[in-house]
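Trainee: Here it is, the structure, as structure tokens.
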Amino acid sequence: MATFISTLAIFSLLLSVSQSQDQPPPPSNQTCNAIFISYVYNSGDPLPPNLLPSDPTRQPYRFNSTLTVLNNGLEELKSWRVFVGFRHQELLVSAPNAVLADGTSLPANVSDGAVFAGSSMPDLKSAAQTAGDVNQMQAQIELVGTQFGIGDPDVPLPSTLSLSNDGFSCPAPAKLGNKELRLCCTKDSSVGSKAPPNTNFQPLQDGDLTILYDVIKSYDTNYWARVTISNHNPIGRLDNWRLSWDWTRDEFIYSMKGAYPDVVDTTDCFFGRQGDYYRDMDLSAALNCKRRPTIVDLPVDKTNDTNLGLVPFCCRNGKILPASMDASKSKSVFVMQVYKMPPDLERSELSPPQNWNITGALNPGFRCGPPARVSPTLFPAAGGLPSESVAVASWQVVCNITSTKLEKPKCCVSFSAFFNDSVIPCNTCACGCHNQQSNACSATAPALLLPSEALLKPFENRTRDALDWAELKNLDLPNPLPCGDNCGISINWHLLTDFRGGWTARMTLFNWDEASVADWFAAVELDKAVAGFEAVYSFNGSVSPNAKNIIFLQGFPGLNYLAGEKDGANPKKDPRVPGTQQSVISFTKKKTPGIDVARGDGFPIKVYFNGEECSLPSVLPATSNGHPTAKTTAFCSIMLGLLVLAFLLRPNL
């Protein structure tokens, strides 16, 4: 028996040695002749609270790791990006010399993995270009954060590493010991480079919104930058935009034209390094010395101001429309004078700001990536000369619309139809119920069906209508009653007619906010009906060429102003009335054979207002036995249209 066990042990050892010989050793920075990447777990310590041993999976630990990217190839690696497959509920707190490529600011939840990009050193030169200067070839990022459930002696290594740049092929990372992952990524000859030939710059990228940071004049101590924000999304817009970024090298804004900081603050200059170096400068004349300034657009009346305006595409009160609505209003531009600090006191030492972010009122959220060096932008020469001037240096920031399950829309949609005299209103708490008392109303009960005329009343004035309608229709009533939708903008989509050759819908906009909405637009996505679109009668309407199955709607010139809510004719007894606009939309069935309008094809699957996706009801108006009922109350079918028309024609109060 002992001899058998000894023989088995020897066989296992030989098998282990054979397997280890079959696997190549992990690459090293000497053996890799391309892009070498490593992730080293340095240390970890338990953090409060102490949940051991009762709940070990929730025990937090601090981790310190080093991510290394080394260019051992023959060509410069432009705008490097590395994916780290975190998998232990990591919360990243610090990553000097790098940023998260999706624009997320730290601290950030990276439990599903994260793509890092260089900030202070976005490009890695080769040994041939630098005579082996590793400081220009290599980026090292000391990562600090929190992870859960894995503590000493276990090591929380990521599941994978990879170079995210186009044109490279990466094998699975190899483990060195129990604290390090390594890999060597090589050029993939089967993947063509997207960069134009004979250039050291990245190609321009596409996105919902792009920002160009162009240095147009450069001196030893300061430079002038031109910032261009361009909207490329066919249904996205920005109102009262607010743009922010991080200075990474102690720069500060001295002057601006076309935009302005939301706060003029030079305190950090007076008491920081800037004040020590620029002792002879009047720092009180500077505009902003914050590490993270926030910039806002100027009002329209500053367009021709000699001190603040006279910049093309400036001064629109923060409004950027989609090009499909008005190409001349689809971008915003400003210029600023930026002062630098040692050791960057050379006219060629230029670094763009990092961690860009842009927001707006009643707009979708955007997430911006890091700036990428692109070919210098060409501008029309001053004075109308038939030539172009070239920027000193240019960077592009790409921002894309994002949405999360935690975000609430700001608009909602109700459905109604000619074959059912009940309106399905906006969903309960469609735009949030954070201000509602839990015992006053139900945030989970479905919204109550309404008569059409109730849509013209604020939610708090609909209760009697809803109760009477429920009694008339023998509908169940929850206790407590459902909360309101809390949406500033609501839209009613009413299926008006359905006949052999076509059909029509009526769309009504309601503004329940006191603030009016200028230059409004809406977009309606119909899965099967857009091919049959014919006309819109009280709005401008067209099929969007850049978005599938979407009809783009906006007010006629001079009528694109959606008024805010105001008092009724008799404020003492009448409820406040919303601003409204309404139009009928017609469709033909010749180009959409087989369309079933009443069973759902005539209702939108998505509705957008000013780029914000609205909440839609989860059910459609009911039909009788699956077909439109012959019994139709003409009064209820046209009541909403007549009432809205009356409000539109009423004299100003």
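The values are calculated or read from the model by the stated rules, or taken from the named source; none is laboratory data. The shown structure was predicted, so the numbers you read here are calculated from the model rather than taken from an experiment. A quick note on method: Cβ atoms are made from the backbone with ideal geometry, for glycine too, and the neighbour counts reach across all protein chains shown. These area figures cover heavy atoms from the full protein model, side chains too; ligands, DNA and RNA do not enter into them. Shrake-Rupley method; radii C 1.70, N 1.55, O 1.52, S 1.80 Å.
Trainee: Show me 446-454, 503-511, 559-567, 469-477 ranked by packing, highest mean number of other Cβ atoms within 10 Å first.
Mentor: 503-511, 446-454, 559-567, 469-477
Trainee: Counting DSSP beta bridges in the chain, what percent are antiparallel, to the nearest 5?
Mentor: 95
Trainee: Rounded to whole Hz and in sequence order, give me ³J(HN,Hα) for the stretch 55-67 from the Karplus expression 6.51 cos²θ - 1.76 cosθ + 1.60, θ = phi - 60°, writing x for Gly and Pro.
Mentor: 9, x, 5, 9, 5, x, 9, 7, 10, 10, 9, 10, 9
Trainee: Right, here's the next one. K591: which lysines have alpha carbons under 27 Å from its alpha carbon, excluding same-chain residues fewer than 8 sequence positions away?
Mentor: Reachable lysines: K528, K548, K606.
Trainee: A further question on this structure: From the helices alone, meaning DSSP H stretches of at least four residues, give me the mean residue ellipticity at 222 nm for the chain, per-run term -39500 (n - 2.57), in deg cm²/dmol to the nearest 500.
Mentor: Dividing the helical sum by the residues of the chain leaves -3000 deg cm²/dmol.
Trainee: Compute the signed sum of charges (Lys and Arg +1, Asp and Glu -1) over the other residues within less than 11 Å, Cβ to Cβ, of S394.
Mentor: +1
Trainee: How far, in degrees from 0 to 90, does helix 463-473 lean away from the longest principal axis of the Cα atoms of the chain, to the nearest 10?
Mentor: 70
Trainee: Can you give the three extents of the C-alpha atoms in the chain along their principal axes, from longest to shortest, in whole Å?
Mentor: Principal-axis extents of the chain (Cα, largest first): 90, 89, 53 Å.
Trainee: Same structure again: Taking 2.2 N^0.38 Å as the expected size of a compact globular protein, what ratio does the Cα radius of gyration of the stretch 529-601 give against it, to two decimals?
Mentor: The reported ratio for this selection is 1.54.
Trainee: With everything on Cα atoms, drop me the angle between helix 634-649 and the longest principal axis of the chain, reported from 0 to 90° to the nearest 10.
Mentor: 80
Trainee: May I ask you to give the solvent-accessible area per residue for the chain, in square angstrom, as obtained with a 1.4 angstrom probe?
Mentor: Accessible area per residue: 49 Å².
Trainee: Going through the stretch 335-431, which GluC sites (Glu not before Pro) have at most 15 other Cβ atoms within 10 Å and a DSSP loop state?
Mentor: E346, E349, E407
Trainee: Continuing with the same structure: Longer than 26 Å from Cα to Cα, which of K78/K319; K329/K566; K290/K408; K319/K457; K302/K331; K331/K457 are they? Say none if no pair is.
Mentor: Pairs exceeding the cut-off: K78/K319; K329/K566; K290/K408; K319/K457; K331/K457.
Trainee: Okay, next question. Within a Cβ distance under 10 Å of K606, other residues only, what is the Lys/Arg minus Asp/Glu net charge?
Mentor: So the surrounding residues net to -3.
Trainee: Still on this model: First compute the accessible area of the chain with a 1.4 Å probe, then give the percent of it belonging to carbon and sulfur atoms.
Mentor: Solvent-exposed carbon and sulfur of the chain make up 52 percent of the total.
Trainee: Order these peptides, 95-105, 48-58, by their mean beta-carbon neighbour count within 10 angstrom, highest first.
Mentor: 95-105, 48-58
Trainee: Against the longest principal axis of the chain, how steep is helix 2-22, in degrees 0 to 90 to the nearest 10, with axes from Cα atoms?
Mentor: 80
Trainee: Taking the convex hull of the Cα atoms, report for the stretch 237-299 its projected area averaged over all directions, in nm².
Mentor: For the Cα atoms of the stretch 237-299, the hull's average projected area reads 4.7 nm².
Trainee: Now for a different question. Expressed as a whole percent, how much of the Cα-Cα distance distribution for the stretch 191-334 exceeds 18 Å?
Mentor: 63
Trainee: A further question on this structure: To the nearest Å, what is the center-to-center distance of the stretch 211-252 and the stretch 53-87, using C-alpha atoms only?
Mentor: Cα centroid to Cα centroid, the span is 29 Å.
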